[in-house]
Amino acid sequence: MDSILVTGNGELNGQIPIAGAKNACLTLMPATLLSEEPLTLTNAPRLSDIKTMTALLQSLGAEVSTLQDGQVIAMSSHDLTSHTADYDIVRKMRASNLVLGPMLARLGQAIVSLPGGCAIGARPMDLHIEGLEALGAEIELKDGYLHAVARGGLKGAVHEMRFASVGATENIVMAATLAKGTTVLKNAAREPEIVDLVDCLRKMGAQIAGEGTSTIEIQGVDRLHGATHQVVTDRIELGTYMLAPAICGGEVELLGGRLSLVGAFVEKLDAAGIDVEETAKGLKVRRRNGRVQAVDVTTEPFPGFPTDLQAQMMALLCTAEGTSVLEEKIFENRFMHAPELTRMGAHIDVQGGTATVTGVERLKGAPVMATDLRASVSLILAGLAAEGETVVSRVYHLDRGYEHVVRKLEGVGAKIERIKS
């Protein structure tokens, strides 16, 4: 297995280009199943998860090809040959469950394996099932597969979700675009990736209003047509690289960044002593004089602090002045990076869903192991500011969510290399 060697090397300066959003692209790709006409995505990230979704769509009979060094994905689902999403593909990535709604809407049936992904807690499908059943689907679980059928097609309904789940919102919205009548989805998730999905669906002919709020209204149409859509900037990659100069010092400009994508995150950075300035090209980040200050963080659905930036923020707070409390409210079991940071000299006490971090002046390099996607990059960030060498193993997690991480960090002066197994 490959590993990444990081050597603490002082300040970082320069520019880092931010890719299209992984979570947005993985949602947009299944939208091709809603139409017989081509759907083309630009600004696509080049990640292993995208390859997994490509394989899943192709297994259903969709044609998928990548152009322009992988940054353009051209898809066509004019002749679907299967309605079964097999375990061997779905187990690799939880976003695979997003084919359920589109297949139900267009084909009237779907068989989808329960999803996999990072080991950061349960990813239940109950909210997806409840929403699709409200639209008239009949769904049962058999041998690890969801067997879903919509006899006579899906029908619009008013449905309020028990929790503002991003994935369930996306699945229900896609399904409702071809349902008969009007669907009103209450307590919907508000993430930018959902706004981006609705923007794409609207280009395909969907009639949707209210995206970005807690109530989304979808007027079903008979068919959707083809479209070309640019994937929104990845706010999690953006936030991750914003933390690099915050941890190491220096000044880095994140090309393509927008404050609207990371508002709550920037508020915490400001409280910690980090300046963020909007520029013509993106966002510029620099640390103020002295050590970073401790801040408390609670993860919440958008527009709150993202759970996908919690591990990276913990890396910053490991060297902050004072004691910080991080409360994880989205996923259980998402502090698995804490013991690895402790190996580097961090002082972290985890009790259930709360981690108390008492800052130290300097971390020390050590061999550490990535446990999930965001944990892997948090260890790299910590290594950039640590004394000596840090070797991060099991970095296959990293390839799921960050393209060219070594190249991007090298470009701003980091001493980092990938070691092939």
So, over other residues within a Cβ distance under 9 Å of Thr307, counting Lys, Arg +1 and Asp, Glu -1, the net charge is 0
Quarter of the surface of the C-alpha convex hull for segment 1-146, i.e. direction-averaged projected area in nm², equals 11.6
So the angle from the long Cα axis of helix 373-385 to the longest Cα principal axis of the chain, reported in degrees to the nearest 10, equals 20
The answer for the net charge of residues other than Cys248 whose Cβ lies under 10 angstrom from its Cβ, with Lys and Arg +1 and Asp and Glu -1, is 0
In whole µm²/s, the translational diffusion coefficient that Stokes-Einstein assigns to segment 326-420, given a Kirkwood hydrodynamic radius over C-alpha pairs, 4 °C and 1.567 mPa s, equals 93
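Kindly state, to the nearest 0.05, the FRET efficiency for Thr215 paired with Asp349, given R0 = 60 Å and r defined as their beta-carbon distance.
Values: r = 40 Å, r/R0 = 0.67.
Approximately 0.90, to the nearest 0.05.
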Nearest 10, in degrees from 0 to 90: the angle of helix 192-203 to the longest Cα principal axis of the chain is 30
Sequence order, segment 204-219: Karplus ³J(HN,Hα) from phi using 6.51 cos²θ - 1.76 cosθ + 1.60, θ = phi - 60°, Hz rounded, Gly and Pro as x, gives 7, x, 6, 10, 9, 9, x, 4, x, 10, 7, 10, 10, 10, 10, 9
Only helices counted: for the chain, with every DSSP H run of 4 or more residues adding -39500 (n - 2.57) and the sum spread over all residues, [θ] at 222 nm is -8000 deg cm²/dmol
Net charge (Lys, Arg +1; Asp, Glu -1) of residues whose beta-carbon lies under 13 Å from that of Ala382, Ala382 excluded, is +1
Cα gyration tensor of the chain diagonalised, 5x eigenvalues square-rooted, in angstrom largest first, produces semi-axes 38, 21, 20
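In nm, what is the difference between 0.36 nm times the number of residues separating Asn289 and Val149 and their Cα-Cα distance? Can you show the working numbers first?
Details: separation 140, 0.36 × 140 = 50.40 nm, distance 6.05 nm.
Contour length minus the Cα-Cα distance gives 44.4 nm.
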In this structure, among Lys203/Lys408; Lys155/Lys186; Lys268/Lys329, pairs with alpha-carbon gaps over 21 Å are Lys203/Lys408
Segment 22-230 -> Rg/Rh from Cα coords, Kirkwood Rh, value 0.92
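Can you order the peptides 151-157, 162-168 by their average number of other Cβ atoms within 10 Å per residue, highest first?
Details: 151-157: 16.3, 162-168: 18.7.
Ranking the peptides 151-157, 162-168 by packing returns 162-168, 151-157.
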The ³J(HN,Hα) series, computed from each phi in segment 266-275 with the Karplus coefficients 6.51, -1.76 and 1.60 at θ = phi - 60°, rounded to the nearest Hz and given as x for glycine or proline, is 5, 4, 5, 4, 4, 5, 7, x, 10, 8
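Rule-based calculations on the coordinates, nothing more; no lab input. This structure is a prediction, so every number in the text was calculated from the model and none was measured. Counting neighbours? That spans all protein chains shown, and the Cβs are built from the backbone with ideal geometry, glycine included.
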